[in-house]
Amino acid sequence: MKKIAILTSGGDAPGMNACIRACVRTALNKGLEVYGVDRGYKGLVEDDLFEMDSKSVCDIIQRGGTILKTARCLEFQQPETREIAANNLKKRGIEGLVVIGGDGSFTGAKALSDQCGINVVGIPGTIDNDLAYTDYTLGFDTAVNTVLWAINALRDTMTSHDRVSLIKVMGRRCGDIALYSGICGGAEYILVPEIPYDLQKVAQTIKENRENGKTASVIILAEGAGNENEIKTIISLISGSDVKITTLGHLQRGGSPTMADRMLAAKFGSRAIYLLIEGKTNRVVGIKGQNVIDLDITEALSQKKEIDKELYRMAAELC
Ligand code: ADP
């Protein structure tokens with residue numbers, strides 16, 4: 001393999017830039033030519049590719065977002081569109097493609113490989129930590145640290161005013177951001193989509209806490225776990241507390257990547273390039289414990305992500 005391309009796809013995540021840097025520098029050091037694809041699969045279809053050198057990735061290790069940009073490309077589900085994308089790689093002699101993104105991006109990569117014979121390697125880049133085969137995805141640690149910063153700030157003011165802070169974080173189907181930030185931020189309640197909860201009971205406990213002198217509480221709500229306004233109404237009504245909602249939104253996607261995410265970026269990027277060089281393709285990289293792993297993309301996509309129930313049980317005993 002002499003030429004490879006890299007793209008970022010799906011939602012952006014802190015650490016994507018550090019990972020692009022790791023891929024580019026490793027590939028150049030191993031004698032490969034490297035192309036960047038602008039705007040994910042959309043740019044691949046529109047032939048928006050450019051050659052990258054070592055300087056292309058200068059001064060980006062610390063920056064959130066992705067210099068390659070990302071875009072949704074629904075047309076990529078059509079075989080004819082993938083054919084166009086593959087031809088744009090083939091006409092340049094590009095044989096390998098690194099895709100940094102989430103499960104949607106991996107599904108696109110697999111389809112491109114199955115249909116058009118492009119060798120792909122996937123790197124999990126998403127703040128949601130919603131891929132079952134890996135302990136962590138790139139960007140998750142930074143996102144959780146951003147939420148922790150917000151919890152700390154909100155705690156100061158909520159405690160001063162004896163209020164309940166209802167903090168809505170990202171996670172439509174996966175409650176990991178809520179669970180990890182809730183544990184590490186000392187939240188009184190963590191509401192996640194995977195585990196049912198009794199809102200009346202939550203409100204009743206907050207009421208009892210108030211009566212016992214604990215007048216401020218933090219509730220972390222994953223976006224898929226309920227409607228913040230309804231939750232606020234019920235808690236206010238039953239507990240008599242003043243509940244303030246804070247939606248962190250896109251704040252969680254940005255920011256300088258943490259040490260943990262930069263290290264993951266370096267390890268994932270390096271392993272991805274070595275896999276392509278060794279001809280081990282149609283694989284995804286991940287981390288299990290301290291070890292970088294790789295496995296077949298189809299096998300990775302077939303695994304179903306579940307929340308760590310033991311961690312959730314533990315969290316309930318910490319408040
Ligand atoms: P993520 O990678 O973060 O899960 P998306 O689900 O938005 O994000 O997927 C990113 C891109 O991957 C989509 O815009 C589309 O181009 C491509 N993609 C997603 N699902 C498929 C699919 N079933 N077939 C082909 N391409 C897909």
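The values are calculated or read from the model by the stated rules, or taken from the named source; none is laboratory data. The structure presented is a predicted model; accordingly, all values stated were derived computationally and were not measured. With ideal geometry, Cβ positions are generated from the backbone for all residues, glycine too; neighbour counts draw on all protein chains shown. Areas reflect the complete protein model, heavy atoms only, side chains present, ligands, DNA and RNA absent. Shrake-Rupley method; radii C 1.70, N 1.55, O 1.52, S 1.80 Å.
Give me the percent of DSSP beta bridges within the range 1-155 that run antiparallel, rounded to the nearest 5.
Percentage antiparallel, nearest 5: 20.
Looking at the range 242-314, I'd like the Rg to Rh ratio, where Rg is from alpha-carbon atoms and Rh is Kirkwood's inverse mean 1/r.
Reported Rg/Rh (Cα atoms, Kirkwood Rh): 1.11.
Percent of accessible area on the chain owned by carbon and sulfur, 1.4 Å probe?
49
Would you mind classifying the range 1-107 by shape? Square roots of the alpha carbon gyration tensor eigenvalues, ordered a ≥ b ≥ c; an a/c under 1.5 is rounded, otherwise it is prolate if a/b is larger than b/c and oblate if not.
The shape class here is oblate.
Using the Cα centre as the reference, give the magnitude of the dipole from point charges on the C-beta atoms of the range 141-254 (Lys, Arg: +1; Asp, Glu: -1; all else neutral), rounded to the nearest 20 debye.
Details: 12 positive and 13 negative charges, 30 e Å.
Here the size comes out at about 140 debye.
Would you please give the FRET efficiency between Ile84 and Asp135, computed as 1/(1 + (r/R0)^6) with r the Cβ-Cβ distance and R0 = 35 Å, to the nearest 0.05? Can you show the working numbers first?
Working: r = 36 Å, r/R0 = 1.04.
That pair, Ile84 with Asp135, gives E of 0.45.
Which value, in Å², gives the accessible area per residue of the range 1-108 when a 1.4 Å probe is used on the protein heavy atoms?
On a per-residue basis, the range 1-108 sits at 41 Å².
At 1.4 Å probe size, with every protein chain present, just tell me what the per residue accessible area of the range 141-254 comes to in Å².
Accessible area per residue: 45 Å².
Taking +1 at the Cβ of each Lys and Arg and -1 at the Cβ of each Asp and Glu, which of Cys174, Leu7, Thr107 sits farthest along the dipole of the chain towards its positive end, judged by Cα position relative to the Cα centre?
Leu7
Rg/Rh for the range 141-254 to two decimals, with Rh computed the Kirkwood way over all alpha-carbon pairs.
0.94
Please state the relative contact order of the range 141-254 as a whole percent: Cα pairs under 8 Å, 6+ residues apart?
39
For the chain, what does the equivalent ellipsoid look like in terms of its semi-axes, each the square root of 5 times an eigenvalue of the Cα gyration tensor, given largest first in whole Å?
42, 18, 16
Which shape class, rounded, prolate or oblate, goes with the range 33-180 when its Cα gyration tensor gives a ≥ b ≥ c as root eigenvalues, a/c under 1.5 marks rounded, and past that a/b bigger than b/c marks prolate?
prolate
Need one number: % antiparallel among DSSP beta bridges in the chain, to the nearest 5.
In the chain, approximately 25 percent of DSSP beta bridges are antiparallel ones.
Nearest 10 degrees is fine. How inclined is helix 199-211 to the longest principal axis of the chain, computing both from alpha carbons?
The angle comes out at about 50 degrees.
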